[in-house]
Amino acid sequence: MKTVFVTRRIPESGIKLLESKGCVVDVSSKDGVLSKEELVSALRAKPYDAVLCLLTDKIDGEVFDAAPQAKIFANYAVGFNNIDLEAAKERGVIVSNTPDVLTETVAEHTVALLLALASRVTEGDRFTKEGKYVGWDPLLLLGTDLSHKTLGILGAGRIGARVAHHLSRGFDMNVAYYDVKRNEQLEQEYRATYYATPEEVLAVADAVTIHVPLLPSTQHLLNKERLGMMKPSAFLVNTSRGPVIDEVALVEALKGGVIRGAALDVFENEPALAPGLASLPNVILTPHIASATGETREKMSTIAAENVLSFFETGIAPNAVKA
């Protein structure tokens, strides 16, 4: 009988799937992120055969060593920058993720954020709820049209391409993109224009959306210098990873009118925000919920469980990631 430790309560589909296959599943009783000490202690409690972990868990060599019998750590996420892959490789541990499942949901949230920025939805909501609305005014909270403007995409993978689909087909936006790999399908389907550097995209875009993984090369991809290359009328949306933006530099750019507005679902030092960010009127902040639909989170749970079960049965996880 295999034992699985789940580091935090997740949707039931994956738990039930594991249990239906005879696994004993222990779910952390803490309603929150386990500290390093708590996680190590929990894993030492019994000889677990697998660990189903979350993006908020920092998994390194010490954590792997706390569960030496567990040869698969199934990450309940698409990203896996929370896991030391080299340490896993050294110990013969398989790391898996839940790819593809987030594409539609995150793309829709990205579009929602951009529309809210352009139409000043959250500002209008606050204005009305605070009792400031006294009647129609031809100059009240003027937004901007997105139709026929230029959408800049940094990272043209699945999610970036889906955002391009929605905004190119639905709003006739022109698409300019940068990626380390050229996406010829994107160019053919949406008449997208490829640029060899992020700087070129930033210079032409009326709205910029970020869809890159967090790597040493993408940390602070949007820094003070690059923010300064954007149009003063431009919007910035980030639903990828918080550290790809220098949040302190972004606050200054928004205060100084370097760009018109920003919408963030992720933050550089989650859950903390850079000083001043939350008080800016031209910012929309959502609490890392771009993938938070019932359908998507259930699918993530199931895929993570399937990775574990496949490993138990065959020694192979379908969604194993490489160091």
### Message
What whole-number distance in Å separates the alpha-carbon centres of region 128-189 and region 212-279?
### Response
17 Å
### Message
Accessible area per residue for region 151-198 in Å², computed with a 1.4 Å probe and the full protein assembly in place, what is it?
### Response
51 Å²
### Query
How large is ³J(HN,Hα) for each residue in region 273-285, as worked out from phi by the Karplus curve 6.51 cos²θ - 1.76 cosθ + 1.60 (θ = phi - 60°), to whole Hz, x for Gly and Pro?
10, 4, x, x, 5, 5, 8, 7, x, 9, 10, 10, 10
### Summary
Rounded to one decimal in nm, the spacing of the 7 Å Cα→Cβ label points at LEU141 and LEU85 is 4.4 nm
### Message
Rg over Rh of region 215-263, using C-alpha atoms and the Kirkwood radius, what does it come to?
### Response
0.94
### Task
Report the label-to-label distance for THR56 and GLN185 in nanometres (one decimal), using points 7 Å from each Cα along the Cα→Cβ vector.
3.4 nm
### Query
Hey, can you rank 70-78, 115-123 by average C-beta count inside 10 Å, highest first?
70-78, 115-123
### Query
If you roll a 1.4 Å probe over the chain with all protein chains in place, what percent of the accessible area is carbon or sulfur?
53 percent
### Query
Hey, what did the chain get for relative contact order, percent, Cα under 8 Å, at least 6 apart?
18 percent
### Task
Project the alpha carbons of region 176-323 onto their principal axes and report the range along each, largest first, in whole Å.
57, 38, 28
### Query
Where does region 72-115 land on the Kirkwood hydrodynamic radius, alpha-carbon pairs, in angstrom?
12.1 Å
### Task
Based on alpha-carbon positions alone, could you give the equivalent ellipsoid semi-axes of region 46-181 from the gyration tensor, as √(5λ), descending, whole Å?
44, 21, 11
### Query
What 222 nm value per residue comes from the helices of the chain, counting each DSSP H run with n ≥ 4 as -39,500 (n - 2.57) and dividing by all residues, nearest 500 deg cm²/dmol?
-10500 deg cm²/dmol
### Query
Which cross-chain or sequence-distant (5 or more) residues have an amide H under 5 Å from the amide H of ALA263, H modelled 1.01 Å from N in plane?
LEU236, VAL237, ASN238, ILE284
### Task
Arrange the peptides 286-292, 304-310 so that the one whose residues have, on average, the most other Cβ atoms within 10 Å appears first.
304-310, 286-292
### Query
Can you name the helices of the chain, as whole DSSP H runs, whose Cα span along the helix axis is 18 Å or more and whose Kyte-Doolittle mean is not below 0.5?
103-119
### Task
Using packing as a proxy for protection, rank 171-181, 205-215 so that the peptide with the highest average count of other Cβ atoms within 10 Å comes first.
205-215, 171-181
### Query
Antiparallel DSSP bridges in the chain: what percent, to the nearest 5?
5 percent
### Task
For ALA50, enumerate residues with amide H under 5 Å from its amide H, sequence gap 5+ or separate chain, H modeled in the peptide plane.
THR3, PHE5
### Message
Which of rounded, prolate or oblate describes region 97-155 when judged by the alpha-carbon gyration tensor and an a/c cut-off of 1.5?
### Response
oblate
#### Entry: Too-long pairs where the Cα-Cα distance tops 24 Å, listed order kept, from LYS231/LYS255; LYS21/LYS299; LYS16/LYS89; LYS132/LYS224; LYS2/LYS89
LYS16/LYS89; LYS132/LYS224
## Note on the structure
The answer for region 1-134, accessible area per residue at 1.4 Å probe in Å², is 48 Å²
#### Entry: Tail beyond 25 Å, pair distance distribution of the chain (Cα, percent)
55 percent
### Message
Can you tell me how region 10-94 classifies by the Cα gyration tensor, rounded, prolate or oblate, using a/c under 1.5 as the rounded cut?
### Response
rounded
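The values are calculated or read from the model by the stated rules, or taken from the named source; none is laboratory data. None of the values given here were measured: they were computed from a predicted structure. Counting neighbours? That spans all protein chains shown, and the Cβs are built from the backbone with ideal geometry, glycine included. Remember, those area values only see protein heavy atoms, side chains included, never the ligands or the DNA or RNA. Shrake-Rupley method; radii C 1.70, N 1.55, O 1.52, S 1.80 Å.
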